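J.: Handing you a structure now.
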Amino acid sequence: MGFAPYSGLGLLSAAVRHKTFVSYYHKADQAYRDAFEKVFGHLFIGKSVQPGDISTDVSADYIKRLILEGYITDASVLVVLVGSKTLCRKHVDWEISAGLNKKVGGYSGLIGILLPDIPLLPNGNFQYESLPARLADNARSGYADIYTWNWITSSEQNVRNAIQTAFDARISRASKIDNSRAQLGRNLCD
């Protein structure tokens, strides 16, 4: 269990904007995604799936391919907004898996942002069980960093530094990537 505020690996100049995919549970956490991109979207190049971009009336394999080819292949950083039900959503798992697949445009850096409905322990740490399993695997291994919503959104510099650290980790921490789980075949909750 741990919390990783900015580690100091690299400072991002205001001119550098990385292609960033924001993964989240659309039904429950849309307002957080909208707020994050509205306030901080000028700091990165958004590569996220927007509501209505992909029909849910098509096969799971087709959706996976659209997400890979149309969005994640081009992203160098994957931000996962973690709400109370994010851990059981198959599309979030697929997106994390795609970002960690070297065959899909190279590795993406990985960040988890704990939304306010994720309880913290009295010492301020989080529980890995609150995270999507693939994100938890990579937080445990040291590849992914986890931040709280309140900390990351308290300043533009926090967002810049977190994105730059994740971007740098694609190379410096690539040996710590754990993408060994089978992808979720179905949602585990509503």
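Any read-out appearing in this document is the output of simple, stated calculations on the displayed coordinates, not a laboratory observation. Given the structure is predicted, the values throughout are model-derived calculations rather than measurements. Cβ coordinates were reconstructed from backbone atoms using ideal geometry, including for glycine residues, and neighbour counts include every protein chain displayed.
J.: Using the 10 angstrom Cβ neighbour count as an exposure proxy, how do Arg181, Arg170, Arg89, Arg186 rank, fewest first?
T.: So the ranking, lowest neighbour count to highest, is Arg186, Arg181, Arg170, Arg89.
J.: Can you tally the net charge around Asn125? Count Lys and Arg as +1, Asp and Glu as -1, for every other residue whose Cβ sits under 15 Å from the Cβ of Asn125.
T.: Taking every Cβ under 15 Å from that of Asn125, the sum is -1.
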